[in-house]
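For reference, the structure discussed in these notes is given below.
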Amino acid sequence: MGRKMRRTFRGLAAVLLLGLWGCPPPDEPVEERPGQEGERWEPALEDAPGGEARAEMVDHTGESAGTLTLTSVEEGVRVQGQLHIPGVPPGEKGFHVHEVGECEPPDFESAGPHFDPHDHPHGDRDDPPTERHIGDLGNVEIDAEGMVEIDLVDEVIELGPGPDDVLGRAIIVHAERDDLETQPDGDAGDPVACGVIESRDQGAADEAQSEPRLAREGESASP
Ligand SMILES: [Cu+2]
């Protein structure tokens, strides 16, 4: 559904989405809403944020590194998943949401800096919201086989309307430990895995349309 909604008017859509996102998740078909046509890759108009998202992670070679799921829960947003990032020494590794939802290997510089809409200092996930970037998720642990088990709940990031919405942004694992102090990035080294946080239904919609957005399997311009 909603194919015809995707054709036109990016700018108008951006404005209208601000209004639309303020509403409860609409199950009614958006086709019946006049004047809200538009193309935007996240989240889909017809699949307004329902509190579930995922990030298909890739490593620096562009290979799949696994999937993270993000789910709205009472305490915040739960981030779960098992990643495989070969070639990274074991230990704690910085884990953040970055500003731009583009993951271009090998260096993932396309993802920009930490997601920090309120101009806060860098900090830890458990720091008060005013003393951390919204995207500061602390560290995750990588083992000797390159496996990373992630299951955390963050009270600050959000899925859906508002300034702290992480949909459409990049989530990144770094090569080094985030010292949780050094500004502006915790001295966490290079990104080693990156994925764009997409509302769950939007991922399927994108695949159906074959929109070249991410180096997702089968969509890469080059192997
Ligand atoms: Cu980072």
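Structure data summary
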{"read-out": "Test for GLU102: is it without any contact (Cβ under 8 Å) to a residue 24 or more places away in the chain and surrounded by 14 or more Cβ atoms within 10 Å (Cβ to Cβ)", "value": "no"}
{"read-out": "Condition met for ILE157 (of a type outside the set (Gly, Ala, Ser), within 12 Å of the chain's Cα centre (by Cα) and buried (at least 22 other Cβ atoms within 10 Å of the Cβ))", "value": "yes"}
{"read-out": "Flag for GLY50 being modelled with pLDDT under 95, on the phi > 0 side of the Ramachandran plot and not in a strand (DSSP E or B)", "value": "no"}
{"read-out": "Only one of ASP107, ASP119, ASP127 that is assigned by TED's automatic domain parsing to the domain that holds VAL192, at positive phi and not β-branched (Val, Ile, Thr)", "value": "ASP119"}
{"read-out": "Subset tally (residues that are of a type outside the set (Phe, Trp, Tyr) and within 14 Å of the ligand (Cβ to nearest atom)) for segment 103-120", "value": "9"}
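The values are calculated or read from the model by the stated rules, or taken from the named source; none is laboratory data. Computed from a predicted model, the values in this text were never measured in an experiment. Note that we place each Cβ from the backbone using ideal geometry, even for glycine, and neighbour counts take in every protein chain shown.
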